[in-house]
Amino acid sequence: MARAVESSDMTRFSAATPTERQKLFADAVLAHRERASPFCTMQAAPLDAGETDDGGNVDAGDDADETAASLPPWVQFGERTLNLDCTDAELDRLKDLVGEFPAFKIEQLESPEEAEGTNVRISAKADANRIAQFVERTFREVYDRPEEYVAWVTEV
């Protein structure tokens with residue numbers, strides 16, 4: 001990131017280390033279940049201008065076209081289902097990741113003609129900690145976020 005994020009910069013709704021993020025994601029899933037809300041949304045911060053992701057890609061900043069691929073990635077969880085959007089390359093990585101989680105299964109792929117990419121629904125019959133592990137790995141491995149990326153919960 002362009003600036004280091006201090007622990008004091010984090011709130012109970014954001015986190016910047018793998019351990020803190022997993023705890024944040026697990027807490028969001030638990031809060032969602034306790035409140036019986038329709039879903040919870042977890043999001044990774046966008047890359048700063050000139051910053052590279054783990055795949056070595058550079059974010060061009062404000063001058064770049066606002067495409068689905070350049071928007072910050074998000075994962076929603078509700079009713080034992082994860083929902084996310086991804087590009088074709090991200091979908092390939094997601095399929096590999098789902099294969100490592102026996103309690104998770106891709107249930108639906110939808111690619112509307114007017115949209116770039118694919119919306120994916122994954123059944124997740126697992127506890128909050130396992131879901132949190134999957135979400136963390138999704139941001140790191142599917143969306144190529146660097147180890148110190150910032151994540152937050154935007155809706156519970």
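Please identify the pairs in which a residue from segment 27-38 that is without any contact (Cβ under 8 Å) to a residue 24 or more places away in the chain has its Cβ atom under 7 Å from the Cβ atom of a residue that is not acidic (D, E), counting only partners at least 6 apart or on another chain.
Qualifying pairs under 7 Å: none.
For A2, indicate whether it is within 24 Å of T81 (Cβ to Cβ) and either in contact with a Cys (Cβ under 9 Å, 6 or more places away or on another chain) or at pLDDT below 50 (or both).
no
State the number of residues belonging to segment 16-32 that are within 15 Å of R80 (Cβ to Cβ) and not hydrophobic (A, V, I, L, M, F, W, C).
Counting residues in segment 16-32 that are within 15 Å of R80 (Cβ to Cβ) and not hydrophobic (A, V, I, L, M, F, W, C) gives 1.
So, V135, is that one assigned to a strand (DSSP E or B) and either surrounded by 14 or more Cβ atoms within 10 Å (Cβ to Cβ) or of a type in the set (A, V, I, L, M, F, W, C) (or both) or not?
Answer is no for this residue.
One line per residue, one yes/no per condition, for (1) more than 22 Å from L47 (Cβ to Cβ); (2) small (G, A, S):
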| residue | (1), (2) |
| --- | --- |
| E110 | yes, no |
| S123 | yes, yes |
| D127 | yes, no |
| E141 | no, no |
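The values are calculated or read from the model by the stated rules, or taken from the named source; none is laboratory data. Given the structure is predicted, the values throughout are model-derived calculations rather than measurements. Positions of Cβ are backbone-derived with ideal geometry, glycine not excepted, and every protein chain shown enters the neighbour counts.
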